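This report concerns only the one structure given below.
The values are calculated or read from the model by the stated rules, or taken from the named source; none is laboratory data. From a predicted model like this one, the values you see are computed outputs, not experimental measurements. Here the Cβ positions follow ideal geometry from the backbone for every residue, glycine too, while neighbour counts run over all protein chains shown. To get the accessible areas, we keep the full protein, side chains included, count just its heavy atoms, and leave off ligands, DNA and RNA. Shrake-Rupley method; radii C 1.70, N 1.55, O 1.52, S 1.80 Å.
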Amino acid sequence: MRLDILKALNTERVARRAAVVVTHQESGEQRLVTQDKVAADSLRDLLEAHLRSGKSGMEDTAEGKVFLTVHVPPTKLIAIGAVHISQALAPIAALLGYDVTIVDPRTAFASPERFPGVKVIAEWPDTALPPLGVDRYTAFVALTHDPKVDDPALLHALERGCFYIGALGSRKTHGRRLERLKGQGASDEALARIHAPIGLPIGAISPPEIAVAIMGEITSRLRLTPEGKR
């Protein structure tokens, strides 16, 4: 790899931005396509597909055979609420490669004993979230049912452009939530990004089932939509 490409790629990695190195197999010529340049690239559709899958691979194109080396930042999962659903969700997400963090100001719930091997922050979202680097490669779920905890966390997630934002609660509960968030300045367009009721509609009842439904919806958002890998 050329030194200039390597330096540029490292810059993108540090900034947690996706990029693809395109290598022409016949000539050996390489170019780096950063995330902000994908839409204008001649291989746009292929690049977007590989970014969604997170996988590198060979492709036949109008430019000849090319190898696409995909560099995607590691995904994060931030769960607001150290509840039973989070206890089931954390190990599933970790198994799928997510860096998991649980945030809950209630110290009786947010304890290492309840979440072995998981980063737990017993602080209010206003304090806990800014240092975590929430970004477009973060899945964000609000699970406390407490507006004092969930609402400021959801506003932070919306501002940071998370690829998935979900909130626990019925449609009626979510309707009231939307009114509160709109009253705090959130736009209708932004609020439409919140998945609620949270998770795929699989009839989940128990906390582990709800956790499976949530991770299924997160995975679908990550892998099957362009917004998952922006």
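Given 0.36 nm per residue, what is the gain on full extension from residue 26 to residue 59 after removing their alpha carbon distance, in nm?
Extra length from residue 26 to residue 59 when fully extended: 10.6 nm.
If you take all C-alpha pairs in the stretch 160-224, what percent of them are over 14 Å apart?
Across the stretch 160-224, Cα pairs with separations above 14 Å total 60 percent.
Can you check what the net charge comes to around residue 133, using other residues whose Cβ is under 12 Å from the Cβ of residue 133 (Lys, Arg +1; Asp, Glu -1)?
Net charge in that neighbourhood comes out at +2.
What number, rounded to the nearest 500 deg cm²/dmol, is the helix-based mean residue ellipticity at 222 nm of the chain, given -39500 (n - 2.57) per DSSP H run of at least four residues and division by all its residues?
That calculation yields -11500 deg cm²/dmol at 222 nm.
Could you give the accessible area per residue of the chain, probe 1.4 Å, as a whole number in Å²?
Accessible area per residue, the chain: 50 Å².
Note the angle between two axes, namely the Cα long axis of helix 44-53 and the longest principal axis of the Cα atoms of the chain, as a number of degrees from 0 to 90, rounded to the nearest 10.
Once rounded, one gets 50 degrees.
Run the accessible area of the chain with a 1.4 Å probe and give the carbon-and-sulfur part as a rounded percent.
55
Rounded to the nearest 10 Å², what accessible area does residue 14 show when all protein chains are kept and the probe is 1.4 Å?
So the heavy atoms of residue 14 present about 130 Å² to solvent.
Between the stretch 126-165 and the stretch 20-78, what is the separation of their alpha carbon centroids in Å?
Taking the Cα centre of the stretch 20-78 as reference, the centre of the stretch 126-165 is 30 Å away.
Roughly how large, in nm² to one decimal, is the mean projection of the convex hull of the alpha-carbon atoms in the chain?
Computing the convex hull of the Cα atoms and averaging its projections yields 13.8 nm².
With axes computed from alpha carbons, what is the tilt in degrees of helix 171-183 against the longest principal axis of the chain, rounded to the nearest 10 within 0 to 90?
Helix 171-183 and the main axis of the chain meet at about 80 degrees.
Just want to confirm a number: the relative contact order over the chain, from Cα pairs under 8 angstrom separated by 6+ residues, in percent.
17
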